[in-house]
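To keep things clear, I will list the structure first and then write my remarks on it.
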Amino acid sequence: MADLILHHYTTSPFSEKLRLVLGYKKLAWKSVFIPPILPKPDVLPLTGGYRKTPVLQIGADIYCDTALIADVLEHLAPTPTLFPEPEKGMSRILAQWADTTLFWAAMAWSLQPKGAAEVFAKAPPEALKAFGEDRARMSTGNMTRLRPTDAAAALKSYLRRLSDMLDDKPYLLGEVPCISDFSAYHSLWYARRIEAVKGVLDLTPAVGDWMDRMAEIGHGTSEKFSAADAIAVAKASTPSTLLTDSTFQDDHGIPLGSRVTIRAESFGLEETEGTLVVASRTHFTLERTDDRAGTVHVHFPRIGYVLKKADNA
Ligand SMILES: N[C@@H](CCC(=O)N[C@@H](CS)C(=O)NCC(=O)O)C(=O)O
């Protein structure tokens, strides 16, 4: 198997989700640290515009969004599965809720003023300002940010519901972890790292115990890799057809071979432009060529992403 190269940063919750999935599947991976805010001069040559974290690179294939990356890792290393029967459908639906509703409640709670003060305690004031401005720019469009007070009530209810699910089993949907566990874990992991806000978890000790079990999974085996080397790997590689599910499904009236843009539906609306080479039931693939990275295939899940014909097409 070609090397798995994860572009991520330590404090990124969605990166923690994937680091644990890599650990669960006992995979070896290369670790490229990327900045948490724009500019991301060594990420955009690979993604063509998508700037969210994390991104998984395998040669000249760039996989965006942890939902798609989880499917790719499942394909490469089917056991242990992230989608155990009979809860396969349920696990994806619960994961989607956790990656959106639970995530935003936990982030609003975590980054309330006393949480943000702790997170940025050692950073110069300009860093806090730059972070705030970057995230405000990402939050334009159809996005409503919860106020910490509203997030508090929601988060406490969500924790109680998760705790109820853990009453009679060690993981959310059964005896073994599934994708829902990884998705529900990462934003609570972020909150638990912040002394000033982590007390919210004390109300539901069963959730804390489940988080300890999740943390024990670990991150697999990783080795530091430089961004320049990752770009060189892309340049030296040819895109593969790893995802087998590539029968054309046309929901947009856009034929393969068209010049298109893809962007997230919300939070970080930066577009990636390229030629549409796959539009399957589950994902889109764009081919694009970059001076530094050469010809790459950038892959996105269908759910949560907007496909359009490029303006100049
Ligand atoms: N749906 C995306 C969400 C990714 C996401 O929002 N990541 C956060 C960090 S945990 C992010 O991109 N923040 C801005 C950045 O890193 O530039 C996924 O599953 O990968």
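The values are calculated or read from the model by the stated rules, or taken from the named source; none is laboratory data. Just so you know, these numbers come straight off a predicted model, no measurement behind them. Cβ sites come from the backbone with ideal geometry, for glycine too, and all protein chains shown count toward neighbours. What goes into the accessible areas is simple: the full protein's heavy atoms, side chains included, and nothing from ligands, DNA or RNA. Shrake-Rupley method; radii C 1.70, N 1.55, O 1.52, S 1.80 Å.
In this structure, the amide hydrogen of Y50, modeled 1.01 Å from its nitrogen in the peptide plane, lies closer than 5 angstrom to those of T272, counting only residues at least 5 positions away or on a different chain.
A simple spin-label model places pseudo-atoms 7 Å from Cα toward Cβ; at D250 and R213 they are separated by 4.8 nm.
Taking θ as phi - 60° and the Karplus parameters 6.51, -1.76 and 1.60, the scalar couplings of region 203-216 work out to 5, 9, x, 5, 5, x, 5, 4, 5, 4, 5, 5, 4, 5 Hz in sequence order, x denoting glycine and proline. Taking amide hydrogens as placed 1.01 Å from N in the peptide plane, the amide H of V55 sits under 5 Å from those of H7, each at least 5 positions away in sequence or on another chain.
Computed from Cα positions, the angle between helix 125-138 and the longest principal axis of the chain comes to roughly 60 degrees. Taking a label point 7 Å from the Cα of L203 along the Cα→Cβ vector, which residues of region 143-179 have an amide N closer than 15 Å to it? Hits in region 143-179 for L203 at 15 Å: 148-164. Taken as Cα centroids, region 1-61 and region 170-246 sit 12 Å apart, rounded to the nearest whole angstrom.
The amide H of F284, built 1.01 Å from its N in the peptide plane, has F300, R302 as neighbours under 5 Å, considering only residues 5 or more places off or on other chains.
Rounded to the nearest 10 degrees, the inclination of helix 227-236 to the longest alpha-carbon principal axis of the chain is 40 degrees. Within the chain, the longest segment free of exposed loop sites, counting trypsin sites (Lys or Arg not before Pro) that fall outside DSSP classes H, G, I, E and B and have at most 12 other Cβ atoms within 10 Å, spans 123-280. Exposed loop sites here mean GluC sites (Glu not before Pro) with a DSSP loop assignment and at most 10 other beta-carbon atoms within 10 Å; the chain contains its longest site-free run at 1-174. The angle separating the long axis of helix 88-97 from the principal Cα axis of greatest extent in the chain is about 80 degrees. Take the chain with all the other protein chains still there, run a 1.4 Å probe, and you get 45 Å² of accessible area per residue.
Computed over protein heavy atoms with a 1.4 Å probe, the carbon and sulfur contribution to the accessible area of the chain reaches 55%.
Taking 19 Å as the limit for the C-alpha separation, the pairs K40/K308; K40/K129; K26/K224; K88/K169; K17/K52; K114/K198 exceed it in the case of K40/K308. Rounded to whole Å, give me the distance from the Cα center of region 79-116 to that of region 251-313. When both Cα centres are located, 25 Å separates them. Per-residue Karplus couplings for region 274-279, computed as 6.51 cos²θ - 1.76 cosθ + 1.60 with θ equal to phi - 60°, are listed in order as x, 9, 6, 10, 9, 9 Hz, Gly and Pro entered as x. Per the Debye calculation on region 206-295 with a single equal scatterer at every Cα and no solvent contribution, log₁₀ I(q)/I(0) for q = 0.12, 0.19, 0.26 Å⁻¹ amounts to -0.64, -1.02, -1.27.
One compactness figure for the chain is 0.99, namely its Cα radius of gyration divided by 2.2 N^0.38 Å.
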